[in-house]
Every structure is written in structure tokens, then in C-alpha cells.
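To start, the structure under review is shown below, and the notes come after it.
The values are calculated or read from the model by the stated rules, or taken from the named source; none is laboratory data. Every value quoted in this text rests on a predicted model; they were computed, and no experiment measured them. Neighbour counts are summed over all protein chains in view; Cβ atoms, including those assigned to glycine, are modelled from backbone coordinates with ideal geometry. The area values use the complete protein model at the heavy-atom level, side chains included, leaving out ligands, DNA and RNA. Shrake-Rupley method; radii C 1.70, N 1.55, O 1.52, S 1.80 Å.
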Amino acid sequence: MQELIAAPRVAPSILSADFSRLGAQVEEVMDAGARVIHYDVMDGHFVPPITVGPLVMAAIADRVHAAGGALDVHLMIAAPERQIEEFARAGADSITFHAEATPHANRTLHAIRELGCLAGIAINPGTPVEAVAELRGCADIVLCMTVNPGWGGQAFIPSSPEKVERLLSIAGPARIEVDGGVDAETAGPIAAAGAHLFVAGSAIFGAPDPAAAYQEIAAAAGAA
Ligand code: DX5
Ligand code: ZN
């Protein structure tokens with residue numbers, strides 16, 4: 001996956017996909033050029049909704065990998081350290097957990113790498129960038145939430161590009177991922193701020209033509 005995210009990438013979030021035909025939706029965006037598929041896990045504790053776990057991920061993993069893609073897992077769950085092994089076994093290529101969800105960020109990042117995945121840490125809009133300052137070198141990905149986690153389709157927080165710039169100076173050389181409210185309009189300013197990985201859910205799967213929407217956002221982000 002490291003090679004896949006060497007250049008900027010748009011990662012479609014299947015949270016907004018039609019789950020009754022999940023495999024087909026994944027293929028649709030991969031045919032349009034997507035290679036990183038974002039997989040949102042919510043537990044009803046860290047955030048109110050409950051979504052999907054390793055079982056559903058395992059069902060699409062072969063299809064994603066066969067097409068040369070990678071699965072980018074975003075854990076919005078309490079005590080993420082208890083679940084990482086299961087997601088790694090189910091086919092995750094990167095696993096990102098929230099700094100707010102565990103007192104053991106350093107240990108958890110190392111554990112994710114030991115499982116053979118890229119390790120990521122996410123911060124909520126209300127969390128200062130300094131929360132990841134001591135983790136430089138331990139994280140491959142730092143995810144800057146550009147909405148409050150829990151739901152797709154929320155409005156992009158306008159101060160986010162400036163936060164991405166500060167995060168990059170604190171967390172580089174980690175790749176900066178942005179998640180929430182990303183579309184063809186917001187992708188440009190966050191790309192200019194230095195983000196590398198652009199998660200987009202409703203702007204892709206909520207569009208009449210997800211493939212065209214993917215390509216439009218990728219062009220706006222200057223992504224591969
Ligand atoms: C929200 C999730 C996102 C979600 C983004 O908490 O982490 O990945 O799918 O959805 P949009 O792109 O619709 O804001
Ligand atoms: Zn996400």
C-alpha cells in the first residue's frame with residue numbers, strides 16, 4: 001500500500017455505498033481508477049452508529065486485492081487495540097484508530113505495523129494537532145477528520161486546510177489523510193494544504209454516476 005499512497009489518492013468510503021451490492025460498487029470505483037478503498041468501522045460507543053466489522057471486510061478483500069487495490073480501515077471504536085488483529089487477518093492494508101479512543105497510541109501503532117499493515121492515527125476536529133506530536137515516525141498515516149466522525153454527508157469544516165498544514169509540519173513524513181465533506185470543491189484547498197489521501201463517501205456513492213464523481217474529485221485533488 002505504501003507505493004499506492006506515494007502519490008495523492010482519492011479513497012472512496014463504502015459507508016455511503018449500496019450494501020446490497022457492495023462488491024459491484026467497489027468494482028465500479030476501482031474500474032474508474034480507485035485503488036484505496038476506505039472502510040469505516042463504528043461501534044456505537046466511540047460514535048453513536050454501528051456499521052460493519054471484519055466479516056464484511058473479508059467479503060470484499062479478495063476483490064480489492066485482485067484488482068491491485070488496498071483496504072484502508074478507519075476504526076471509530078473504543079479500545080481499538082483489541083480489534084486490530086482481526087482486521088489485519090480479514091485483509092486490512094492500513095489500520096487507523098483514533099487518538100481519543102485509547103491511552104495506548106504508541107503501542108497500538110507498533111502493534112499494527114507488526115501485523116504487516118500501515119499504521120494510522122486519526123484526530124477529531126476538536127483535538128489539537130499536538131496530540132500526535134510524540135508519535136512522529138511511529139505513524140505511516142495521520143488522519144485529520146474534516147467533520148465530526150459518525151456519519152456520511154456532513155459539511156466540510158472550513159478551517160480544515162489550515163489544520164492540515166499544521167499537522168503536516170508536526171507529523172510529516174506521515175501521509176496526511178482527510179475524511180469528511182470531501183468533494184470536487186473542497187479537494188483543491190486541502191490538496192494545496194498538503195493532504196495526500198482524500199476520503200470521499202457521499203460525494204462518490206451518492207452521485208448518479210460514482211465513476212464520474214470519483215474522477216472529478218481525483219482531478220480536483222491532483223490525485224492519481
Ligand atoms: C465519517 C466517516 C467517513 C464518511 C465520510 O465519520 O469516517 O469516512 O464516509 O463521508 P462523506 O464523504 O460523505 O463526508
Ligand atoms: Zn472514515
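In region 147-204, of all residues being more than 9 Å from ligand 1 (Cβ to nearest atom) and β-branched (V, I, T), the one that is farthest from V10 (Cα to Cα) corresponds to I170.
Considering M42, M30, the condition of being under 21 Å from F205 (Cβ atoms), under 14 Å from the mean Cα position of the chain (by Cα) and either open to solvent by less than 70 Å² (accessible area, probe 1.4 Å) or modelled with pLDDT of 95 or more (or both) is satisfied by M42 alone. Of all residue pairs spaced 6 or more apart or on separate chains, those with beta-carbon atoms under 8 Å, a first member in region 21-35 that is acidic (D, E) and a second member that is open to solvent by 60 Å² or more (accessible area, probe 1.4 Å) are E27/R63. Within region 1-59, if we keep just the residues that are in contact with a strand residue (DSSP E or B) (Cβ under 6 Å, 6 or more places away or on another chain) and of a type in the set (D, E, K, R), the residue that is nearest to ligand 2 (Cβ to nearest atom) turns out to be D40. Checked against (1) under 29 Å from F205 (Cβ atoms); (2) modelled with pLDDT under 95, R136 meets all criteria but (1).
Within region 45-62, how many residues are buried (at least 19 other Cβ atoms within 10 Å of the Cβ) and of a type outside the set (V, I, T)? Counting residues in region 45-62 that are buried (at least 19 other Cβ atoms within 10 Å of the Cβ) and of a type outside the set (V, I, T) gives 4. Residues in region 30-53 that are within 25 Å of N148 (Cβ to Cβ) and not in a loop (DSSP other than H, G, I, E, B): V36, I37, H38, Y39, D40, V41, M42, D43, I50.
Criterion applied to A70, A6, A88 was being closer than 20 Å to R175 by Cβ, of a type in the set (G, A, S), crowded, with 18+ Cβ neighbours inside 10 Å and more than 16 Å from ligand 1 (Cβ to nearest atom), and the one residue passing it is A88. Restricting attention to region 91-113 and to residues that are more than 23 Å from L4 (Cα to Cα) and touching a Cys at 6+ places or on another chain (Cβ under 9 Å), the residue that is most open to solvent (accessible area, probe 1.4 Å) turns out to be N106.
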